[in-house]
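Below you'll find the structure, written out as structure tokens, and then a few comments.
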Amino acid sequence: MIRAVITGSGSALPAQCVTNDDLAQRVDTTDEWIQERTGIRQRYIAGEGETTSSLATEAARKALEDAGIDASEIGLIILATATPDHTFPATATQVQANLGCRGGVAFDVHAVCSGFLYALGTADSLLRTGMAKKALVIGAETFSRILDWEDRTTCVLFGDGAGAVVLEAKDVEEDGPGILATRLHADGEHRELLYVDGGPSTTGEVGKLRMKGREVFRHAVVNLADVLREVLEDASVEAADVDWVVPHQANARILDATARKLNLAPEKVIVTVDQHANTSAASVPLALDVAKKDGRIKPGDLVMFEAMGGGFTWGASLARM
Ligand code: UT7
């Protein structure tokens, strides 16, 4: 059977690391509050010349190198971001130009923190229908550029970065590698709980991120547990058989609560929120790359990806590496 197989990963972070103590000098907060409520210790913030496309390009180059393929072989680039370089063209086309591959499909997916899951699900479908043979799926963000740096309830939570995977359509056995199941959801009813208060067609300005964190938290735990159960059922897999969960890194408490609801051992959950904070669409591929590079995630492992974000949008995907 034809499956989309993850054959490489890469990631990129801005040069500047900002600790909680650094932030406490700008807004009324403390390292203790941030760590206790979120698990975050530091985040990386893009400086001059660092953009969503530059971070995405670096992550993509590393993923190509990891997969051992040339950029010219890529027929599909899907870039998940809520912080594109420009309103248009799609940042994916800038990355395509930077990589020097031409003529294939390149577009952005906008599903905020669930963007990587949406992009992965879309690429999986397109590869299995034969539209392309090799794809780059990237999550890249510069949320620092849409934060209200006077609002302590949001500005301490986010960071910038990018992660990428190479997906290849391969003819595999039933128990072979590849994406086994994906479920995606959206519910526009709750859009006002997490949104940006501007945009090209409304204010004509980029706007700033606004969030009612406590309510988002409540929805996140319920929706993520539900979608994880759906994907396990689709793939006929028990939660206990999952080797690793690579979740969206919004808050360490959400990761703990979701794992508890599904009886998943906490040591199977890859946690990078302490290092990167919430990097929105970049967080899942960034965490995957960290855990692949440090040797925890190995070929043959069953890995669950999950995310929930603005919209609301949420989703999960199960893959054998
Ligand atoms: O990626 C998309 C999905 N996003 C999420 O999943 C985020 C989900 N939400 C969260 O992670 C948490 O709700 C937060 C980390 C945002 C907030 O944690 P919380 O435990 O829900 O705190 P809270 O909003 O209920 O605020 C508790 C107190 C408030 O003070 P009062 O009203 O109790 O006096 C806040 O004003 O903490 C105060 N507070 C802060 N204090 C110090 C809020 N932000 C800060 C801060 N430093 N940075």
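The values are calculated or read from the model by the stated rules, or taken from the named source; none is laboratory data. Treat the numbers as computed from the prediction; the structure is a model and nothing was measured. Cβ coordinates were reconstructed from backbone atoms using ideal geometry, including for glycine residues, and neighbour counts include every protein chain displayed.
Of note:
- The lone exception for residue 185 - which of (1) within 12 Å of the ligand (Cβ to nearest atom); (2) part of a strand (DSSP E or B) it fails: (1)
- Of all residues in the stretch 207-232, those that are within 9 Å of the ligand (Cβ to nearest atom) and either of a type in the set (Gly, Ala, Ser) or assigned by TED's automatic domain parsing to the domain that holds residue 143 (or both) total 2.
- Test: residue in the stretch 233-250 that is hydrophobic (A, V, I, L, M, F, W, C), within 11 Å of the ligand (Cβ to nearest atom), at pLDDT 95 or above and surrounded by fewer than 24 Cβ atoms within 10 Å (Cβ to Cβ): no
- Candidates 277, 282, 319, filtered to the one that is away from the ligand (no atom under 16 Å from the Cβ), of a type in the set (A, V, I, L, M) and at pLDDT 95 or above: 319
- Reported count of residues in the stretch 87-126, each being out of contact with any strand residue (DSSP E or B) (no Cβ under 7 Å at 6 or more places or on another chain) and farther than 18 Å from residue 60 by Cα, is 5.
- Candidate set from the stretch 6-26 (those that are touching a helix residue (DSSP H, G or I) at 6+ places or on another chain (Cβ under 6 Å) and surrounded by 14 or more Cβ atoms within 10 Å (Cβ to Cβ)); member that is farthest from residue 169 (Cα to Cα): 20
- Index of the failed condition, residue 171 passing every other in (1) surrounded by 14 or more Cβ atoms within 10 Å (Cβ to Cβ); (2) within 25 Å of residue 132 (Cα to Cα); (3) not β-branched (Val, Ile, Thr): (1)
- Taking the conditions (1) more than 21 Å from residue 40 (Cβ to Cβ); (2) within 13 Å of the ligand (Cβ to nearest atom); (3) part of a helix (DSSP H, G or I) in turn, residue 258 satisfies each one other than (1).
- Filtered residue count, the stretch 21-46, keeping only those that are among the small types (Gly, Ala, Ser) and within 21 Å of the chain's Cα centre (by Cα): 2
- Residue 229 vs. criteria part of a helix (DSSP H, G or I) and more than 21 Å from the chain's Cα centre (by Cα): no
- Test: residue 245 is outside any helix (DSSP H, G or I), closer than 17 Å to residue 180 by Cβ and outside the structural domain of residue 80 (by TED's automatic domain parsing): yes
- Evaluating residue 253 against the criteria (1) within 14 Å of the ligand (Cβ to nearest atom); (2) without any contact (Cβ under 8 Å) to a residue 60 or more places away in the chain; (3) charged (D, E, K, R) leaves one unmet condition, (2).
- Residue satisfying all of: in the stretch 105-118; touching a Gly at 6+ places or on another chain (Cβ under 7 Å) and not aromatic (Phe, Trp, Tyr); surrounded by the fewest Cβ atoms within 10 Å (Cβ to Cβ) among these: 105
- Any chance residue 307 is surrounded by 22 or more Cβ atoms within 10 Å (Cβ to Cβ), closer than 20 Å to residue 180 by Cβ and touching a strand residue (DSSP E or B) at 6+ places or on another chain (Cβ under 7 Å): yes
- Checking each residue in the stretch 261-274 for being assigned to a helix (DSSP H, G or I) and within 16 Å of the ligand (Cβ to nearest atom) picks out 261, 273, 274.
- Test: residue in the stretch 22-36 that is more than 16 Å from the ligand (Cβ to nearest atom) and at pLDDT 95 or above: no
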